[in-house]
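Just below is one structure, and these are the notes that go with it.
The values are calculated or read from the model by the stated rules, or taken from the named source; none is laboratory data. Nothing here was measured: the structure is a model prediction, and the numbers come from that model. As a convention, Cβ positions derive from the backbone with ideal geometry for all residues, glycine included, and neighbour counts pool all protein chains shown. Heavy atoms of the whole protein, side chains included, go into the accessibility calculation; ligands, DNA and RNA do not. Shrake-Rupley method; radii C 1.70, N 1.55, O 1.52, S 1.80 Å.
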Amino acid sequence: MARPQEMKGSEKLASCDAYFETIQSKKKLPPSVQESLTSAFARIRVSSFPRVPGGKVIEIQGDASVADAVKVLSEHNIMSAPVRNLDAKTSTNWRDRYLGIVDYSAIILWVLESAELAAVALLAGSASATGVGAGAVGALGALVLGMTGPAAVAVLTITAIGAAVAGGMAAEKGAGRDASTAADNLGQDFYRVILQEEPFKSTSVKSIIKSYRWAPFIPVSEDSSMLSVLLLLSKYRLRSVPVIESGKPNVKNFITQSAVIQGLEGCRGRDWFNCISEIAIGELGLPFMSPEEVVSIQSDELILEAFKRMRDNQIGGIPVMAGPKKKIVGNISIRDINHLLLKPQLFSNFRHLTVMDFMSTIISTTQEPGKVIPPITCKPDSTLGSVIHSLASKLVHRIYVVSDEEEVVGVITLRDVISCFIHEPPNYFDDYLGLSVKEMLDQ
């Protein structure tokens, strides 16, 4: 599963500027209203924002295994968490204490990518042909060939010639099959391998946190303004912002895009909120993207392609279309990828599983309502307040704008909604965010 080419820091900043400039040009709020809203958020301190559920931020140790990280995030029903650096326990500098933020969906995508690469490596007979490490070929490759338990782990002890061993075993087993056939055989014991076998049991979070697209660790202090947080969550594309305790290097709070939307929903009835929430989304320039820019998937395409498309476009969900027109019949979120791991009957055939089959199977087997959420839609004349209510009450990250024929004409994300309430005052970047954002873009 190839990752998109990395942009340089200056290119990332230009992309952020372009996005925000486009939004500001499309918004039709009176300048006086926009100034009032921005000034209001600039006066609100971060310390006043509600704490995370339970009052304590869940953290993951840098030396924790990938398997342990998956379990921690899953058990606490969270998408991401700060990663602690155990080599800097006594440091009073947050830059030393934290390695970054680990994202659950990114871990799962890494797992799937490893499975794909292992199968291809077996076909090629060489790890170097695909760039996969000996560990991944050793464990996943052995699993493809039917080796489990001690036999699979034993392969990893010969790391220097792991690829050759895997290729030799493939020849010995007569594995003259294509990569897709090999990968299909990964399914039955895949989740067990993630939790119990190599390389997932021994690969630490800190060893891969710089190689994959983890969210950057850009904290704010408790006495920072909420305007800074909202800009980081909108213009600068962060999904979460850690809050550092004043005078201490500890994360005291963790503000996500979803939490901000919940907070906005709680402001319903206040004059400043009503003045913008009662405006139709079309009058605010929403949706900001054109119908041609909406990334989608057809219901008869493979589910693996849906997840690849999200990965390549760095988005968290896509609408599922049926027929020649863009009629929406479902939604696939990056969060749904965990079903491929938790339901072996799905993963055992994941390379041939269509999007519609995936959704149908999940709906028919899921006992807990809301695990796979149907598409949340609105009309072009819906108000911003109704959109915020849908996002907050349904706990989703996007809402699709549809025509009377249920054809998708746009998508509104949490980032878009947050952007409606603020603009960036002159010199604000240099005065308040410059150093932090530049560090983020250089990571």
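Based on this model, can you work out whether Ser228 counts as hydroxyl-bearing (Ser, Thr, Tyr), touching a strand residue (DSSP E or B) at 6+ places or on another chain (Cβ under 9 Å) and assigned to a helix (DSSP H, G or I)? Spell out how you get there, then give the answer.
Numbers: hydroxyl-bearing (Ser, Thr, Tyr): yes; touching a strand residue (DSSP E or B) at 6+ places or on another chain (Cβ under 9 Å): yes; assigned to a helix (DSSP H, G or I): yes.
Considered against the rule, which asks whether it is hydroxyl-bearing (Ser, Thr, Tyr), touching a strand residue (DSSP E or B) at 6+ places or on another chain (Cβ under 9 Å) and assigned to a helix (DSSP H, G or I), Ser228 comes out as yes.
Could you check, for the range 261-269, whether at least one of its residues is open to solvent by 50 Å² or more (accessible area, probe 1.4 Å), charged (D, E, K, R), part of a loop (DSSP other than H, G, I, E, B) and under 21 Å from Val396 (Cβ atoms)?
Among the residues of the range 261-269, at least one is open to solvent by 50 Å² or more (accessible area, probe 1.4 Å), charged (D, E, K, R), part of a loop (DSSP other than H, G, I, E, B) and under 21 Å from Val396 (Cβ atoms), which makes the answer yes.
Please note which helices (runs of 4 or more DSSP H) are completely contained in the range 347-420 and include at least 2 residues that are of a type outside the set (A, V, I, L, M), open to solvent by less than 50 Å² (accessible area, probe 1.4 Å) and at pLDDT 85 or above.
Answer list for the range 347-420: 384-394, 414-420.
Can you say whether Arg95 is more than 19 Å from the chain's Cα centre (by Cα), charged (D, E, K, R), over 30 Å from Glu265 (Cα atoms) and open to solvent by 50 Å² or more (accessible area, probe 1.4 Å), as far as the supplied structure shows? Walk me through it before giving the result.
Numbers: more than 19 Å from the chain's Cα centre (by Cα): yes; charged (D, E, K, R): yes; over 30 Å from Glu265 (Cα atoms): yes; open to solvent by 50 Å² or more (accessible area, probe 1.4 Å): yes.
Criteria met by Arg95.
Condition first: open to solvent by less than 20 Å² (accessible area, probe 1.4 Å), under 25 Å from the mean Cα position of the chain (by Cα), within 30 Å of Asn274 (Cα to Cα) and at pLDDT below 85. Can you find one or more residues in the range 48-69 that meet it?
No, because not a single residue in the range 48-69 is open to solvent by less than 20 Å² (accessible area, probe 1.4 Å), under 25 Å from the mean Cα position of the chain (by Cα), within 30 Å of Asn274 (Cα to Cα) and at pLDDT below 85.
Please name all residue pairs, on different chains or six or more residues apart, with Cβ atoms under 6 Å, provided the first residue is in the range 15-43 and is over 15 Å from Pro426 (Cα atoms) and the second residue is surrounded by fewer than 17 Cβ atoms within 10 Å (Cβ to Cβ).
Pairs that qualify, where the first residue is over 15 Å from Pro426 (Cα atoms) and the partner is surrounded by fewer than 17 Cβ atoms within 10 Å (Cβ to Cβ), are Lys28/Glu283.
Regarding Lys308, is this residue basic (Lys, Arg) and over 19 Å from the mean Cα position of the chain (by Cα)?
On the way: basic (Lys, Arg): yes; over 19 Å from the mean Cα position of the chain (by Cα): no.
Taking the combined requirement at face value, the residue does not satisfy it.
Would you check if Ser290 is hydroxyl-bearing (Ser, Thr, Tyr) and surrounded by fewer than 16 Cβ atoms within 10 Å (Cβ to Cβ)?
Numbers: hydroxyl-bearing (Ser, Thr, Tyr): yes; surrounded by fewer than 16 Cβ atoms within 10 Å (Cβ to Cβ): yes.
Judged against the criteria, Ser290 is a match.
Working only within the range 315-332, note down all residues that are part of a strand (DSSP E or B) and buried (at least 18 other Cβ atoms within 10 Å of the Cβ). Steps first, answer last, please.
First, pick out the residues of the range 315-332 that are part of a strand (DSSP E or B): 317-322, 327-332.
Once the filter is applied, which keeps residues that are part of a strand (DSSP E or B) and buried (at least 18 other Cβ atoms within 10 Å of the Cβ), the range 315-332 yields Gly317, Ile318, Pro319, Val320, Met321, Ile328, Gly330, Asn331, Ile332.
Is there a residue being farther than 30 Å from Ile363 by Cα, without any contact (Cβ under 8 Å) to a residue 24 or more places away in the chain and loosely packed, with under 15 Cβ neighbours inside 10 Å anywhere in the range 239-252?
Yes; the residues of the range 239-252 include at least one that is farther than 30 Å from Ile363 by Cα, without any contact (Cβ under 8 Å) to a residue 24 or more places away in the chain and loosely packed, with under 15 Cβ neighbours inside 10 Å.
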